[in-house]
Each structure stands twice: as C-alpha cells, then as structure tokens.
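First up is the structure itself, then whatever we jot down about it.
The values are calculated or read from the model by the stated rules, or taken from the named source; none is laboratory data. Keep in mind that what you see is a predicted model, and the values were worked out from it rather than measured. Cβ: placed from backbone, ideal geometry, glycine included. Neighbour counts: every protein chain shown.
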Amino acid sequence: MTEITADRVGGDWLSAPRAQAVFAALADQGFAAYAVGGCVRNALLGAPVEDLDIATEARPEETVAAVEAAGLKAVPTGADHGTITVVSEGEGFEVTTFRADVETDGRHARVRFSKTLEEDARRRDFTINALYARPDGQVIAPLGAGQLEDLAARRVRFIGDAEARIREDYLRILRYFRFAAWYGDPEAGFDPEALAAIAAEGAGLTRLSKERVGAEMKKLLSAPDPAPALGAMAQSGALARVLPGAVSESLAPLIHLEGQAGSGPEPLRRLAALGVRADVDLRLSKAEQKHLARLWEAVDSGAGPAALGYRFGEALARDALLLRAAALGMPLDPEALSEATHGARQSFPVSARDLMPERQGAEIGAALAELEARWIASGFTLDRAALLANLRKK
C-alpha cells in the first residue's frame, strides 16, 4: 500500500507564476478554481506531473473575460463543452467549467454547466481521477475519504455504479485497464465490480472509433508492466473485442526479458508479443505499420543474432530476439545481444562495381547475394580480396 499522508500537494507544476496567474485571474473575478485529475493524483503518489488541468465554477464566457482582464490569452478550444485554453507565459492550461452529464450515448456526452464541485466529480470515471487541489495545494476529495483510501491502496475503482459509468462512455473499459496498469497494485488484484461490469458491457467497445481504441492501447502497452492488466482484459473478453485473435501469454515473459536486456517499454514490440502482425484497425501511423511489419520479418527470418543485427539494425534485432525468447519461454542469451550489436556495425566490403565487367545485370545481383551470405557465415571475417578470389575460382 502506498502511504498517502499529505493533505497538500505542490511543485513547480502548481506553484510556478505562469500557473498561479491563471488561478489569480479567476479569483480576482470571484470564481473558485482547482487543479484536478491526474496532476493531483500523480503529485500525491510522488509521480511526475505532466499537465495541470483546472476546473472552475466560471462559465466559459466568464473564464474568457476573467483571464483577458488579467492580460492572459484565451483560446476557445472546447467552449461548447466548457473548456477554454488559457495561455500564460507561453504555456497553455485547459480550464474547464464544472459539468454534469445530461445525456450520453456511449461515445459522446451532452453536458450542462454546474456550480458544485461534487457534481463535477461524480461525472468523472474513477475515484483516483476525481481529486482536486486548491491553488495553495490543499487537497479536496469531494466524494469522501474513500478516494484517498483507493489511491493509497492503488485500487482503480469506478465512481458509483460501474455499469452506468461504462454505458456513458465505452472507452472507459480500456481506460480502466490502462489506469490499472499504470497506477494499480497487481498483487491486490482487480476490482470485482469493475470486471463484472466490463464483462457485461463489453459489446459497447465495437461502437468506439478505431483512433480512440488505438490511442488507448498504445498508452496501456507503454506502462512499465501491463501484463497483469492485459491478462485481466483477456479474461473479461475485452481484449478479444479490440484485438481479435490476440493472446496475452507471451507478454509477461517479454516484459521480464526487457528488464534483463535493459530495454524500456516499447508498445509496438509488446503489440507483437500479443500476436498482432499488422494494423488490426488500431489506426497505426504508416511509420508504425512499417515498423511492425519489419519487426515480424526479422522474427520470422530465422537469422541468427549477428545476421539479424546486420540486416535489420541493432534495435530491431534486439526486439526480434526478445520476442523469440518470450514466445519460447526461454532466457535471453546476453551473447546474442552482443552478436546483434556486432552485426549491426558491419559493412559488406564488396560492391557491384567489383564484379564488372565479368558479370552484368541479374548475374551481379546473384553473385552479391552469394558473397554476402558467405561473408555473414564467416562471422564477417572474410575481406574483399578473399571474397572475390573465392568467387573467381568458380
């Protein structure tokens, strides 16, 4: 269990003049404003804070008037849903009016603006994401002390009725596993109510856009150890709905081997460990699709470590070796990584010019392939003269 003793949070993300200027602009016009969500959660956990999101009782037009009166820039990035981006000292801060859902369809919500912190908290997804802090850092848990207890226990739990929260937005199924992977305690298991609700409402995943699914899956696979969450996702049926045919058994061995190899999280390598060979409607970028295809080419090539390094480069060779070992449930030979690195540093000493004029056209390509294979088999020891002399003897 993580010890949560602080009733205040702090750090440059909150105390910096650029951030305090936004709070002050709203306060000067009589509006309360709070840091909300991930920034408060992470600060309490001692984790890095990347973004400061602000919730306020001010309506969007009141936010614009308040910050402009203070000399700050307001950009209506999501005014219809209550969000104004306020630019202070060159940094953008999302300031969103307290909201309550009026109507949801599993993908989008129609909201009304609210004046109460509790109502704003109740429309959020998980108890650990509905924590607030005043500008001075004082933490507020609008839904009760159980929020901080959940955070201390690293327990990811839906707010209120889990099935109702999911029906509001089916992406919350994937967010549940993502947050469980990043912030949950795998030894404590997963919230039974959440898993039951996910199993009951999983069909709604098919209503989500592929872009949203792909983005969430990449965030999930970027967690330090997403294997327990992916296992629970498979058992609930959610994995099969978003990645048909995917299997999670090789993921835990891969993550163990990543640690041995000193390699950090790599979502595409982990996606391959699930058996995904091509973009299965995750809307991967062209570069990501090319990388995934090239990775599988390396895995399937049958080439040894040195040849992998030479043909595919050090990084792809390492990933291919990791995937092969994970699939077999075998340890990774440290020498294999060294051989891949050595291979990646080699340069074939023969060129087409060396084979002219004796050979032309397709004959040159065939001869080069033969010599390259012989050179690789020699452990890259044969030099240009030895290779050409051998070829001319034939």
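Can you spot a residue in segment 302-313 that is under 21 Å from residue 224 (Cα atoms) and either modelled with pLDDT under 95 or in contact with a helix residue (DSSP H, G or I) (Cβ under 9 Å, 6 or more places away or on another chain) (or both)? No, segment 302-313 contains no residue that is under 21 Å from residue 224 (Cα atoms) and either modelled with pLDDT under 95 or in contact with a helix residue (DSSP H, G or I) (Cβ under 9 Å, 6 or more places away or on another chain) (or both). The criterion of at least 1 residues that are basic (Lys, Arg) is met, among helices (runs of 4 or more DSSP H) falling completely within segment 289-355, by 305-312, 314-328. Among the residues making up segment 363-394, a single one is outside any helix (DSSP H, G or I) and modelled with pLDDT under 90: 394. Scanning segment 159-191 for residues that are among the charged types (D, E, K, R), at pLDDT 95 or above, within 21 Å of residue 228 (Cα to Cα) and assigned to a helix (DSSP H, G or I) yields 172, 175, 178.
From the list 134, 165, the lone residue that is in the same structural domain as residue 18 (by TED's automatic domain parsing) and either touching an Asp or Glu at 6+ places or on another chain (Cβ under 8 Å) or charged (D, E, K, R) (or both) is 134. All conditions in (1) in contact (Cβ under 8 Å) with a residue 60 or more places away in the chain; (2) surrounded by fewer than 21 Cβ atoms within 10 Å (Cβ to Cβ) hold for residue 196, with the sole exception of (1). Residues in segment 104-143 that are assigned to a strand (DSSP E or B) and either within 14 Å of residue 172 (Cβ to Cβ) or at pLDDT below 95 (or both): 104, 106, 109, 110, 111, 112, 113, 126. For the structure I just gave you, tell me whether residue 156 is within 25 Å of residue 84 (Cα to Cα), touching a strand residue (DSSP E or B) at 6+ places or on another chain (Cβ under 6 Å) and either touching a residue at least 24 places away in the same chain (Cβ under 8 Å) or not in a helix (DSSP H, G or I) (or both). No, not satisfied. Whenever a residue of segment 110-122 is in the same structural domain as residue 79 (by TED's automatic domain parsing), its partners that are among the charged types (D, E, K, R) and outside any strand (DSSP E or B), lying with C-beta atoms within less than 7 angstrom and at least six residues away or across chains, give the pairs 113/59; 114/120; 115/57.
Would you mind stating whether residue 51 is within 29 Å of the chain's Cα centre (by Cα), part of a helix (DSSP H, G or I), among the charged types (D, E, K, R) and surrounded by fewer than 22 Cβ atoms within 10 Å (Cβ to Cβ)? So residue 51 does not fit the description; no. Criterion first (surrounded by fewer than 19 Cβ atoms within 10 Å (Cβ to Cβ) and either within 20 Å of the chain's Cα centre (by Cα) or among the charged types (D, E, K, R) (or both)) does residue 155 satisfy it? Here the answer is no, as residue 155 does not meet what is asked.
Find all pairs meeting these conditions: Cβ atoms under 6 angstrom apart; at least six residues apart or on different chains; first residue within segment 278-306 and closer than 18 Å to residue 326 by Cβ; second residue of a type outside the set (Gly, Ala, Ser) and modelled with pLDDT under 95. The qualifying pairs are 296/277.
Does any residue of segment 57-72 turn out to be hydroxyl-bearing (Ser, Thr, Tyr), surrounded by 17 or more Cβ atoms within 10 Å (Cβ to Cβ) and part of a helix (DSSP H, G or I)? Yes, segment 57-72 contains a residue that is hydroxyl-bearing (Ser, Thr, Tyr), surrounded by 17 or more Cβ atoms within 10 Å (Cβ to Cβ) and part of a helix (DSSP H, G or I).
Residue by residue, here is whether (1) touching a Cys at 6+ places or on another chain (Cβ under 7 Å); (2) closer than 30 Å to residue 168 by Cβ; (3) small (Gly, Ala, Ser); (4) assigned by TED's automatic domain parsing to the domain that holds residue 333 holds:
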position	(1), (2), (3), (4)
204	no, yes, yes, no
221	no, yes, no, no
226	no, yes, no, no
235	no, yes, no, no
242	no, yes, no, no
255	no, no, no, no
268	no, no, no, no
271	no, yes, no, no
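Within segment 115-139, the residues that satisfy the criterion of being crowded, with 19+ Cβ neighbours inside 10 Å and touching a helix residue (DSSP H, G or I) at 6+ places or on another chain (Cβ under 7 Å) are 125, 126, 127, 128, 129, 130, 131, 132, 133, 135, 139.
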